[in-house]
Amino acid sequence: MTDLHVVVLAAGKGTRMKSDLPKVLHRISGQALLDYVVRAAGELSPASLTIIIGHKAELIRARLGGQRSLRLVVQEPQLGTAHAVMQAEPFLAAASGTMLLLSGDVPLLSTNTLRALLQAHEAEGAAATVLTAVLERPYGYGRIVRAQGQVARIVEERDASPTERAIREINAGVYAFDLEPLFPALRSIASQNAQGEYYLTDLVTIYRRRKLAVASHTVADAAEIRGINSRTELAEVGALVRQKKNEELMAAGVTLVDPATAYIEPDVLVGPDTVIHPNVYLEGTTRVGAACEIHAGVRILNSTIGDRVTLLNYSVITDSTVECDARLGPFAHLRPGSAVGEAAHVGNFVELKKTTLGARSKASHLTYLGDATIGEGVNIGAGTITCNYDGVHKHPTIIEDGAFIGSDSQLVAPVRVGKGAYVAAGSSIVKDVPAGSLGIARGRQANVDGWVDRKKASRAAAQSAPAEPGADPASRQGR
Ligand code: UD1
Ligand code: CA
């Protein structure tokens, strides 16, 4: 194999997106279009990987800057795809071998297809090999014009005659080039076309004139080469990505009640016999175990869920873990750094943040637990609140195994409730409750005997008394 140098074009504005964001940063299933392309290229272990950026380059740099194996080259101004490729010349002038040229807005190309393109390129010994596809609706793409079976030229939609527009074989915008003749030929491209741009596709005509061989390779699955130029295409390609993931999951034994409304990102793993109801979002690096039941409206981000977990409707879980047999929701909220133990329960309107809830512990209703470490078999009563924040610092709450926190209690952190201790309902706990004791901190109740009857009697007496002259009865009633 000769050296492989990958160049990705990502400098264009993406006018048709009508967006402030560069087109290649628009996302499908949580990842930028450019992320898909960089990932597929990276799997080929190229000698170099160059990305041509331009429009809002700083945003793309911020997104990719951390990856040291990438070379980012700025194209300014953006004068067309041929001009974009020329920006790589200073870095590849001394290189030899093959350039694989990719488009940042064609996210579905598989590494296998790229390998097949490179193999065809080598086998034919061509100077350039164009990746093509045959589409039912070729609208918008450059068409492959053939003569005696050979690629004669590529004509853009806007420059095409009606006969050329009827051609269904299109240019995927992905090519393998022999590096040696490439840059000299690019310099002879002109910009006399409908868009006044330097079209890379004109290279075909130039190569033909120079008797350099131009080959083609047609993709097996035309869906792979879908380019994204508009919001409609973004949605359509997004649906294809989701569909592929859903089919993989179903083949692996996951039930999707309605695949059209399952939003599961590519890196998510789900165990067999898990049932996923409509409008569920599983995102990032989320792992869900086997035989779970995930009800409608649940959203899980970068979290790990054990086996046989039940997640009731509209629960949100972020950067957290849930152990086997736990039950959460409806409307439970696990914020980052939370861990729910085996067979634990987190009920409706319960929020956990950086909190560990031990095995078989329960917080069933209307509760906030922040920066708390809660042992096993603990019962957290309805309306319990950890007061973890003093306006400047966050403080921990520790509740040991078997403790019982009565309803509507406030635990003013830092504070510890010892093993098996009780907190009386309605308490504001400001100091530690030792193991085995009862913490009670609330006003004492007093009952006033006969109070209701006396109140009724005094009201009746006031109403039967004659009105004072000039007094307005309405002002007395309407309070
Ligand atoms: C291009 C091809 C077309 C092909 C289609 C496949 C040309 C002239 N046309 O058309 O034949 O069918 O892709 O999807 O090449 N870019 C730059 N700098 C520029 C202009 C564009 O980096 O100055 C980048 C864009 O960011 C994009 C890619 O090149 O990632 C393609 O540009 P785009 O304007 O989308 O070309 P298409 O009209 O789709
Ligand atoms: Ca495009």
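Its relative contact order, with pairs defined as Cα atoms under 8 Å and 6+ residues apart, puts the chain at 7 percent.
Using helices alone, I'd like the mean residue ellipticity at 222 nm for the chain: each DSSP H run of four-plus residues gives -39500 (n - 2.57), total over residue count, nearest 500. It would help to have the intermediate numbers written out before the result.
Working: 11 runs with 101 residues, N = 479.
Calculated at 222 nm, the ellipticity per residue is -6000 deg cm²/dmol.
Between Arg209 and Ser110, the modelled label-to-label distance comes to 4.0 nm, taking each label 7 Å out from Cα in the direction of the beta carbon.
Here the 3J(HN,Hα) profile of segment 214-225, calculated from phi with Karplus coefficients 6.51, -1.76 and 1.60 at θ = phi - 60°, is 10, 10, 9, 9, 9, 5, 6, 10, 4, 4, 4, 9 Hz, Gly and Pro shown as x.
By its C-alpha gyration tensor, with a ≥ b ≥ c as the square roots of the eigenvalues, how is segment 171-225 shaped: rounded for a/c under 1.5, else prolate for a/b larger than b/c, else oblate? Working shown, then result.
On the way: a/c = 2.31, a/b = 1.32, b/c = 1.75.
In terms of gyration-tensor shape, oblate.
Could you give the length gained by full extension between Arg16 and Ala290, i.e. 0.36 nm per residue of separation minus their alpha carbon distance, to one decimal place?
Working: separation 274, 0.36 × 274 = 98.64 nm, distance 4.32 nm.
Between Arg16 and Ala290, full extension yields 94.3 nm more.
Listed here are the pairs Lys362/Lys455; Lys353/Lys419; Lys431/Lys455; Lys18/Lys245; Lys56/Lys394; which of them are more than 32 Å apart at the Cα? Listed pairs above 32 Å: Lys362/Lys455; Lys431/Lys455; Lys56/Lys394. With just the Cα atoms defining each centre, how far is segment 297-345 from segment 259-279? Give it in Å. Rounded to whole Å, the Cα centres lie 15 Å apart.
Within a straight-line Cα-Cα reach of under 19 Å, Lys354 can be paired with the following aspartates and glutamates, leaving aside sequence neighbours fewer than 8 residues apart in one chain: Asp319, Glu323, Glu342, Asp371, Glu376, Asp390, Glu400, Asp401. Residues whose amide H lies under 5 Å from that of Ile398, counting only those 5 or more places away or on a different chain, are Thr373, Val415, Arg416, Val417; hydrogens are built 1.01 Å from N in the peptide plane. Here the gap between Arg158 and Lys394, fully extended at 0.36 nm per residue and compared with their Cα-Cα distance, gives a gain of 78.8 nm. Taking amide hydrogens as placed 1.01 Å from N in the peptide plane, the amide H of Tyr199 sits under 5 Å from those of Ala82, each at least 5 positions away in sequence or on another chain. Coupling constants for segment 415-428 follow from the phi torsions by the Karplus curve (6.51 cos²θ - 1.76 cosθ + 1.60, θ = phi - 60°), and in residue order they are 7, 10, 10, x, 4, x, 6, 10, 10, 5, 3, x, 8, 9 Hz; glycine and proline get x. Computing FRET efficiency as 1/(1 + (r/R0)^6) for His365 and Ala223, where r is the C-beta to C-beta distance and R0 is 41 Å, gives about 0.30. Database remark: amide H of Ile264 closer than 5 angstrom to the amide H of Leu282 (H placed geometrically; neighbours at sequence offset of 5 or more, or on other chains; Pro and chain starts carry no H). Need one word for segment 272-355: rounded, prolate or oblate. Basis is the Cα gyration tensor (sqrt eigenvalues a ≥ b ≥ c); a/c below 1.5 gives rounded, then a/b vs b/c decides. Taking the square roots of the gyration eigenvalues as a ≥ b ≥ c, segment 272-355 is rounded.
Sorted by mean Cβ packing within 10 Å, highest first, what order do the peptides 109-116, 331-338 take? Don't jump to the answer; show the numbers that get you there.
Numbers: 109-116: 16.6, 331-338: 20.2.
The densest-packed peptide leads the list: 331-338, 109-116.
If the chain linking Glu89 and Ala460 were pulled fully straight, counting 0.36 nm for each residue of separation and taking away their Cα-Cα distance, it would gain 123.7 nm. Remark: segment 303-308, residue by residue, has Karplus-estimated 3J(HN,Hα) of 10, 10, 10, x, 8, 6 Hz, where x stands for each Gly or Pro and the curve is 6.51 cos²θ - 1.76 cosθ + 1.60 at θ = phi - 60°.
Its Cα centre serving as origin, the chain has a Cβ charge dipole (Lys and Arg +1, Asp and Glu -1) of approximately 1120 debye. Could you tell me whether segment 419-466 comes out rounded, prolate or oblate from its Cα gyration tensor? Rule is a ≥ b ≥ c as square roots of the eigenvalues, rounded for a/c under 1.5, then prolate if a/b exceeds b/c, otherwise oblate. Prolate. Projecting the Cα atoms of Ala251, Ala223, Ala190 onto the charge dipole of segment 177-295, computed from C-beta unit charges around the Cα centre, puts Ala190 farthest toward the positive end.
Separation of segment 160-217 and segment 432-459, taken as the distance between their Cα centroids, equals 88 angstrom. Each Cα pair under 8 Å and six or more residues apart adds its separation to the average, and for segment 384-443 the resulting relative contact order is 29 percent. With all pairs of different C-alpha atoms in the average, the Kirkwood value for the hydrodynamic radius of the chain is 27.3 Å.
Coordinate-derived values only; no laboratory data. Keep in mind that what you see is a predicted model, and the values were worked out from it rather than measured. In this analysis, Cβ positions are derived from the backbone assuming ideal geometry, glycine residues included, and neighbour counts consider all displayed protein chains.
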